[in-house]
Structures are given as C-alpha cells and as structure tokens.
Amino acid sequence: MADRLEKLSGRYALYAYSEGKYIKRARSMKFTGIPVLFVPGHGGSFKQVRSLASVTTHRTMDLQSIFHFDFYTIDFNGELSALFGGTLRDQHEFIVSCISKVLNLYPIPNRPKSVIIIGHSMGGMIARSLFMSSYFNPTTVKLIITLATPHQPVILLDKNLKDFYWSVDTFWQTEKMKNFSRLENLTMISIGGGSKDMLVRPGLTFNKLADLNVLTNAIPDVITSTDHLCILWCNNFVKTLSRALYDAVDFDIKGITQDKSHLRNIFYYHLVHCSNGKYYTPEIHQERMKFTRNSTWKEIKRNNVSLIFHHGLEQETHFVIKKPENSIEFDSIIIEAINIDKRDWIAECNAFEDGNNLSQYGTVGFNKTLNKKYFRMNFGGTETFRTSLPHLVVRLPATALKTGLNIDIYNKESRIFEVDLNFFTLHKHSIVIESTKQGALLYMLRLNNMMTMWKVYHLIVTPLHCRTEKHAAYAVFKTPWNHDSSHVVINSEEQQVLKLILLTIPPAETESVPFVDLILDPSCNYSVGTRDCVRIHEVLGYMGLARLRIKAAYLSSIGVITTRYSLSLLANIAALLMLTLTKQYISFGNRKSCPSFLDALKHGAIPWFTYPIVKLFTMMWEYAKFDTLLLKLDTQLMSEDTADSIIIPLILYFVSFAVVYVIGLCLHISIVVNVWLSRKYTVRYALDKLMLVFDQDMIDAIRKMLPVSLSTTIMTVSWITCGGYGFMAGMLFYYVRICYLYKKCIDTKSLFVNMEDKNSYSTVAIITTAAHDQLMPKKDSVHLHSTLFLLWSLCTLTYLPNSVMWYKNKEHDFLFSEIFSFNWHQWQDTSFIFSIIFSCVFGFLWYCNIPYVFLPFYRILCYPFFVIACAILLTCQINIFRLPALLTPVFVITAVHQYYGMKIFKDNLKIESNAQN
C-alpha cells in the first residue's frame, strides 16, 4: 500500500483552500476548523471547490462564528473517470489515504472525529467506495454529499467501469441489510442538477440507498435546474448548501452532529421543505402558539375569502377560521398568506385559547418578492398533525408593507381532475378545465398513463379574467416517488406553458401517478388544457373565453430521445455495418460481384427482420429467467426505462442509417480525393526516387515483408502505449491500404481504356472482357475492405478513452527505460488483447488479395454474421464495451475463411485436374 501511494502521489495531490484571516494558519499547517474534503469528478479540477469554500468562509467571517470550516480538495489530474474505469481503483486508494492525512493535520486534543465529503460527478462514486477499503475507518466519515453524481453509469465504454459500479453497489446493498453495518452512522445526500444537466440526466442521480434524493429545481431557495458544472457555482444553491452545513454543526463538539436523524432533518428542511427562514433549529417552531389577547381578532365566515391590505396593518391581527361542520361537502382548506415574516403564523385551537402550532407544516411560495406562505389541510384526512380542535387561527403581524390572506375551503374531489394522457391522439388537444371557479386557490391534475420518460406533454394555463392588474399563480409539476418538481409562473394575460416530462421512471411498487398543483390567484379565472408535444400541424381553438394558438412542439420529444438514447447509436451503427457485410457475403455466395458499401447498406440493412427477432429473443430470455442466471440483456435494461416501444428502436435505426450513410459517403469521397492528390503530386515523385535507390527485386522483397512489418508495428505500439493507440495505427494503415486498392482500380481501368483507343474495333470486345475480369476483383476488394475498415474504426472509437487516459498520464506511467515493466497494463487496459488479435489479422488482410469470389462457404458465413448483428443489439446498446469482443470474431472468421477457403479451392482444383487426367 505504501509503495502504491508513493507512485500515486506523483499523479495526484491534496490541497487546502483558505482565504482571509485563515491564510496564515493554512500556510503554517495549523488547522482548527471542521474538515470538508471536496472530491472532483470526471475531468474535474481541484479548483472547483472555490465557490462553496469562499461562500462558507465569508459566512463565517460575517457571522463571527466560533467555528469555521477547513476545505480540502483533491487533484485527480483531470482524469476522465466516467469513461475509463482503470483510474478508479487508484483514485479510491488515494482518497483513503487523504482522509487519514487530513485528520492527522490537527493536534490530538482538538482532532475532529470525522470529515465531511462533498463529491462532484464521479467524485461522489469515489466517496461511496471509501467504505469498501479495509484500510478505511468508517467512523471518520459521517456525511457524504454527492453533487450531480451518476449513481448509475452514464456510458459504459470500459469493463473496469462496470465492475467498479457493480462492486460499490453490491457492497452498499449488502451492508445496508446488516445489523452492524459500516454504513450505519453514515448520512448520504444525493443532489442532481435536473433537466439542464445534459451530461448526467436526473434519473442517474437518484440512489435508493441515499438518505435523501433531490434535484436543484425542487429546492425551495433554488427552484431552477443547473447544468453539470453550474451546480458547483450556482449562487442560490451554494448558499443553501452552506447554510445546511452550518446548521449541521454541533456547538458542543464543534463538529458535525452525531445524530443521524437530526442531520437528515436539517438537509430535508433546506433542500425539500423549508417552512420558515433560512436557518434550521430543532426549536424553529414552538409546539404551542401563544396569542396576544389585546390584538385584533376577526372571524372568517365564508368559504372563499380574499383579504388584501395594500398599505399593511397597524397592529397584529388574528383571523379565526371555523372548521366546517359538514366535513363531507367541504373537507379541505388551503390558506395563502402574503408577506409574513413570523415563524409561527398558523395554529389549531379552541376558540381564543393558545393552540397547537402548525407553522412547520406550511410551505414557502415561489414568489420571493411577495414572501408567500401556504398551508393545506384535509379535515377528514389522515395527516399526523390533524386534531379535533374546531378552529384555525392565522396571525398577520403589524407591517407597513402589503400583506393579506386568501382562504379557500372546498371539496377535495371537486378540485381533482383525472387526466388520461394519450400520446398518439394528435388530431386534438384536451381541455381539462374550461374555467376555474372564482376565488379558487387550488386545483390538482392527476396525470394517468404517464409512465415513460421520452413522451413530453405541454400544459397550458391561460388567465381568462382578472380583477387586478398584478396577479401571480403557479403551476407545479411533481413526481411523488422523487423530490422533483418543475413550475411556471403565470403573471400576465398571456398563456403559459409548463413542460410535463418524467425525469425518473416510477418504481415498480408505486401506485401513485405524477400530478400538477395549480395554485391560482383568487382574483382571476383560468382555463387549463394539455397538448401532445408532437403535434405536426397548428390548430386554432378556444379554451373557455380565451383564444388559443397551438404550435408544433414535436422537437421536444425528439430532443429527449436524442439526449437519453443517443449512446445506443453506436450499437445500432455496428449492427447496420454487420448487416451490410452480410449482404456483401450473400452476393459472393451467389457468385456475383460485391456491391458497394452504400448499395449493400441500402439493400441489406433492413430492420423489418432483425428488430422483431431481437424483440422476440428478449421476451424468450426474460421468460426463461436467464437474466437472473446469466446476464440481463441491454434490451431488458432499456425496457425498464420504458424504451422498448417500437418507436424508439425505429428512431434509432433511421438515425443510425443516416449516420452510416453519411460516413460511408464521406469515406468514399476522402478515398477519391486522396488517391487523386497522391497520383498527381506525391506518389509518382516518391516512386521515381525509390527506383533510383532500390532495384525492382528489393522493392518486391520490401512489399512482401510489409504486412509482417505493419503487424509488428501495431503490436509494438499497443505494447509500449495502450491498445487504443494500436487500433489507431491499424486504422491509419488500413485506410492507406484501401486508398492503394482504389488506386489500382483506377490504374487498371485507365490501362484498358488506353488499349481500347489504340486497337481496332474487332478487338475492343476482347479487351473489355479482360478489363472486366481484372477490374472487378479490385472493386470487390475496395468494397469489402471499406465495410471492414468502418468496423475497425468503430472499435477504435470505443477505446478512445483508453488512449486519452494514457496520453494524460504518460509522464507518470511510461518511461522509455521501463517499456516492459507493464506500468500501463497494471491499469487493466482491456483494449490490449483485442489490439494484438486485430494486428495479427491485419497482416493477413494486407497481404492477401481478398476477397476471393470463387471460394465456398460464403452463404454459410452469412448466418454467424447476422447472429452477431442481433447479439450487438441485444447486449451492446448500454454495455458498449462489448462491441470489440463481438466484432473480433468477424475479422478472425474473414481471415480464416479466406485462407482455408483458398486452400480448399486449390485442393479441389488438383482433384479435378487429376480426375480429368
């Protein structure tokens, strides 16, 4: 372990952040605060701690607090840990050593007992892996906060990455079931960025083992989504997190509180349910609420009341609301209070006696300027805070600012609308509420049949008639199985659109459905409707009293599909290339010439046969329960994400087809251009110089040795660097080979065209036949090699993270004097073995003039190629790292078939010639 850490210290580093009056202490290595360790993620920098550390430090100085936080941060050298898992083991070992190093910086009498860890992106996964190490003391970390951390892999280009995730998840699931677990004193908070995070979508930040999962757009003081990096410096969010850290400190021990439930309550208050103020204490709301007897008391006798005091109140006023005697007809109440700074503002009581404080069950509104608070109760419900006391009392303090009270007592069933969403009813839009009731504060829309994440709907709220110029209402979309919400503010006469989209799929055991809370302004009437976001034409209609113009918005769903399933394009592209190769082999089997890549793609890559077989095999695999015995197919994983609808595979197919077609066209154009340039400028000059130095026999010898030399070069590159660079070298050589073959086609064609010009008309037919016999094999070779080259390029792309990581760490892990020390291969370079196999095959592909059209078994080989295409769709749409393993047999089969097929063909010729003799 010590030797490993010594090597890692050359690549990684631990820093301390400080500013202001704490700089001198930090430089002299005298730390007295509460340690917080920031762990950067994929490609992250240790400097990303600055926003949170600076805000927290300035808060300490402004409050003149008796304690402060010491922020530490790790430099992981910007490693791409979300793409290449070979670095995760090293990062894990380094952070284990950092925990003990940080604690040892403090003198023993005042040494903290634990370190707070804040992990961004993949840094959160590294923090979770801490508890797996036998060198780590689990009592030294009591709180882990993960920011935009993918608790499920974003993209699996590397098997090491999948193994790391599997080991961490398995460990946590096992430990959570134990009575005495290494995780029993740990609190983990997972915070996601929401819909604007295009790198880590919201569903990946949800972890069922976390104590709290929340998205930034659902945090009361943030209420907006953040992208993957903005979550680190979003001012509102950083301040909220800083306040939560301060509230989590136990003043007696000057460290993080040891009470796990209290710690969770603190973060729940700041991140989910902020009932009052920016700071939390256990006594933030008194159990009993005392009233001032000499203040003004007013009784509310109507069910719908709006009391607005534009010039404020001269003295404190209490409004008494008697609960309805008929709790069946009027069973619910919602109260909106404007500009209330008091912590305790609503209570349940008997007449004018002191009451039970209910303020902690209120919520803060979205409009910060009006400082609105809301309270909801179901008189006949099962709320834990509901009692049999007959009155509710709302206290409005004396103020010179605008204040007021809106009360709505209603029948709950009359305000709930069941909305059956049908994504494919494009011919009409649905009017949910023709016109809201005058004075109504709340409506709820239950969105049935909303179970998929790629279907997007729009909710349109239109003010019909308002008695006041200034008004504000909210439409809030919520998913009950996760702390996630999105909202839109309606504060003008124009219609407002709220996008309805699931960010996480509903759990299998849940019976709840997504819903929309409409918190309205009692001075207005509203019209509410929905429309599918894939409408193809514009519709003009009327909603109540308002005219509505609906525009096409189908690009929203296409955008969702693109962001969520674009990674599956690699597998679909590989499957199309395999179907193209199959079509070319079918032509060889029919003793026809090889079609060009684009022709074979158009006639061979047809989804109507492949995709139904994949779907049927997935159903049979699941029915036989092989997913529990062997492995779960990627198509099953996509079906859990509700992506096995026929629409998703078809969209992926058409997009992949377009991509492959464009790539094939660009490849052909680049070959033509490069051959033309080489023929005009480079090659002729080089050959003339070469002929002056070497004779023809030596050139022929070099040509025969070239395949072996190139294969050896690829192996050497793979050995001293990584397999990814070996694939790159092979890809470059392969491209040169195809250009050379295409040049030979042009030369052959030009030769016979010149001969036709010189010969008589009677010999033209003979010469043309000879030209065809020599030209077609060369064309066949170009067409087949083009398909194989694209398959090779796909493998190269898969191992691109390996190559990038080797380049970033070459100064630490590669020395010329240690070429054979296996330094890089200790990183478990999964591309190395495949690069060696491909390099061996490459030598044969260069040496032989494949394909030999007259060989047997072409039609037989179509079947394994088709099976491989289906296997790619079944197992590689999520686990992309499996692609090279499935494509390697294609190159091996091609090489073996050409070699032994030629041998068998020659043997058959000998037998036939002997039989004739």
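The values are calculated or read from the model by the stated rules, or taken from the named source; none is laboratory data. Since the model is a prediction, treat every value here as computed from it, not as a measurement. Don't worry about glycine lacking a Cβ; one is built from the backbone with ideal geometry, like all the others, and counts go over all protein chains shown. When the accessible area is computed, the model is the full protein with side chains, heavy atoms only, and any ligands, DNA or RNA have been set aside. Shrake-Rupley method; radii C 1.70, N 1.55, O 1.52, S 1.80 Å.
Some observations on this one:
- In the set (1) out of contact with any Cys (no Cβ under 6 Å at 6 or more places or on another chain); (2) within 18 Å of LEU520 (Cβ to Cβ); (3) at pLDDT below 85, LEU307 fails one condition alone, (3).
- Long-range neighbours under 9 Å by Cβ, at least six apart or interchain, first residue more than 25 Å from GLN91 (Cβ to Cβ) and free of Cβ contacts under 8 Å to residues at least 24 places away in the same chain within the stretch 21-46, second open to solvent by 30 Å² or more (accessible area, probe 1.4 Å) and acidic (Asp, Glu): none
- Remark: pairs (first residue in the stretch 47-63, buried (at least 20 other Cβ atoms within 10 Å of the Cβ); second residue small (Gly, Ala, Ser); Cβ separation under 8 Å; 6+ apart in sequence or on different chains) = LEU52/SER242; THR56/SER242; THR57/SER18; THR57/GLY20.
- Residue in the stretch 753-761 that is over 25 Å from ILE893 (Cβ atoms), modelled with pLDDT under 65, out of contact with any Lys or Arg (no Cβ under 8 Å at 6 or more places or on another chain) and part of a loop (DSSP other than H, G, I, E, B) present: yes
- Residue tally, condition of a type outside the set (A, V, I, L, M) and either in a strand (DSSP E or B) or within 15 Å of ILE74 (Cβ to Cβ) (or both), over the stretch 94-127: 10
- Lone qualifier among ILE328, ILE340, ILE308 - being more than 26 Å from ARG264 (Cα to Cα) and in a strand (DSSP E or B): ILE308
- Cβ separations smaller than 8 Å between residues 6+ apart or across chains give the following pairs from the stretch 84-101 residues that are over 21 Å from ASN809 (Cα atoms) to residues that are in a loop (DSSP other than H, G, I, E, B) and of a type in the set (Val, Ile, Thr): ILE99/VAL115; ILE99/VAL141.
- Any hit, the stretch 162-172, residues being among the small types (Gly, Ala, Ser), under 22 Å from LEU503 (Cα atoms) and open to solvent by 20 Å² or more (accessible area, probe 1.4 Å): no
- Count of the stretch 254-287 residues, restricted to those that are farther than 17 Å from LEU63 by Cβ, touching a residue at least 40 places away in the same chain (Cβ under 8 Å) and surrounded by 13 or more Cβ atoms within 10 Å (Cβ to Cβ), is 17.
- Hey, PHE609 without any contact (Cβ under 8 Å) to a residue 60 or more places away in the chain and of a type in the set (A, V, I, L, M, F, W, C) or not: yes
- Screening the candidates ARG293, ARG264 for the property of being farther than 30 Å from ASP521 by Cα, basic (Lys, Arg) and in a helix (DSSP H, G or I) yields one hit, ARG264.
- Conditions (1) among the polar types (S, T, N, Q); (2) open to solvent by less than 40 Å² (accessible area, probe 1.4 Å); (3) touching a residue at least 60 places away in the same chain (Cβ under 8 Å); number of the one not met by ASN77: (2)
- Considering each residue of the stretch 804-818 in turn, none proves to be among the β-branched types (Val, Ile, Thr), assigned to a helix (DSSP H, G or I), modelled with pLDDT of 70 or more and over 23 Å from LEU156 (Cβ atoms).
Per-residue answers, yes or no, for (1) within 25 Å of SER134 (Cβ to Cβ); (2) of a type in the set (S, T, N, Q); (3) in contact with a Gly (Cβ under 7 Å, 6 or more places away or on another chain):
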site	(1), (2), (3)
LYS21	no, no, no
SER45	no, yes, yes
GLN48	no, yes, no
LEU52	no, no, no
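To keep it simple, each residue is scored yes or no on (1) modelled with pLDDT under 85; (2) over 26 Å from LEU732 (Cβ atoms).
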| residue | (1), (2) |
| --- | --- |
| GLY843 | yes, no |
| LEU861 | no, yes |
| ALA885 | no, no |
| PHE905 | yes, yes |
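- Residue match in the stretch 578-591 (condition: over 21 Å from SER793 (Cα atoms), modelled with pLDDT under 80 and over 29 Å from the mean Cα position of the chain (by Cα)): yes
Quick grid of which residues meet (1) at pLDDT 75 or above; (2) over 30 Å from SER190 (Cβ atoms); (3) open to solvent by 40 Å² or more (accessible area, probe 1.4 Å); (4) of a type in the set (Lys, Arg):
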{"site": "LEU441", "(1), (2), (3), (4)": "yes, yes, no, no"}
{"site": "PRO480", "(1), (2), (3), (4)": "yes, no, yes, no"}
{"site": "SER485", "(1), (2), (3), (4)": "yes, no, no, no"}
{"site": "GLU538", "(1), (2), (3), (4)": "no, yes, yes, no"}
{"site": "MET543", "(1), (2), (3), (4)": "no, yes, no, no"}
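- Sole exception among (1) open to solvent by less than 10 Å² (accessible area, probe 1.4 Å); (2) touching a Leu at 6+ places or on another chain (Cβ under 9 Å); (3) among the hydrophobic types (A, V, I, L, M, F, W, C); (4) not in a loop (DSSP other than H, G, I, E, B) for LEU183, by number: (4)
- ASP158 being modelled with pLDDT under 90, closer than 14 Å to SER121 by Cα and not hydrophobic (A, V, I, L, M, F, W, C): no
- The residue that is modelled with the highest pLDDT, among those in the stretch 255-284 that are within 18 Å of ASN371 (Cβ to Cβ) and polar (S, T, N, Q), is SER275.
- Selection within the stretch 491-536 - modelled with pLDDT under 75 and either closer than 21 Å to VAL222 by Cα or not in a loop (DSSP other than H, G, I, E, B) (or both): ASN491, GLN496, CYS524, ASN525, TYR526, SER527, VAL528, GLY529, THR530, ARG531, ASP532
- Yes/no for TYR15 being of a type in the set (Phe, Trp, Tyr), under 33 Å from the mean Cα position of the chain (by Cα), crowded, with 21+ Cβ neighbours inside 10 Å and closer than 21 Å to ILE144 by Cβ: no
- Leading residue by the ranking (nearest to the chain's Cα centre (by Cα)) among those in the stretch 288-310 that are within 21 Å of LYS342 (Cβ to Cβ), open to solvent by 100 Å² or more (accessible area, probe 1.4 Å) and among the basic types (Lys, Arg): ARG288
- Annotation note: of LEU855, LEU873, the sole residue that is surrounded by 14 or more Cβ atoms within 10 Å (Cβ to Cβ), in a helix (DSSP H, G or I) and not small (Gly, Ala, Ser) is LEU873.
- Qualifying residue in the stretch 327-337 (condition: modelled with pLDDT under 85, more than 43 Å from the chain's Cα centre (by Cα), aliphatic (A, V, I, L, M) and farther than 19 Å from HIS391 by Cβ): yes
- Taken over the stretch 106-119, residues that are touching a residue at least 60 places away in the same chain (Cβ under 8 Å) and surrounded by fewer than 16 Cβ atoms within 10 Å (Cβ to Cβ) amount to 2.
- Extreme residue, farthest from LEU650 (Cα to Cα), among residues of the stretch 852-873 that are hydroxyl-bearing (Ser, Thr, Tyr) and touching a residue at least 12 places away in the same chain (Cβ under 8 Å): TYR852
- Residues being open to solvent by 40 Å² or more (accessible area, probe 1.4 Å) and under 26 Å from HIS783 (Cβ atoms) - total across the stretch 588-623: 11
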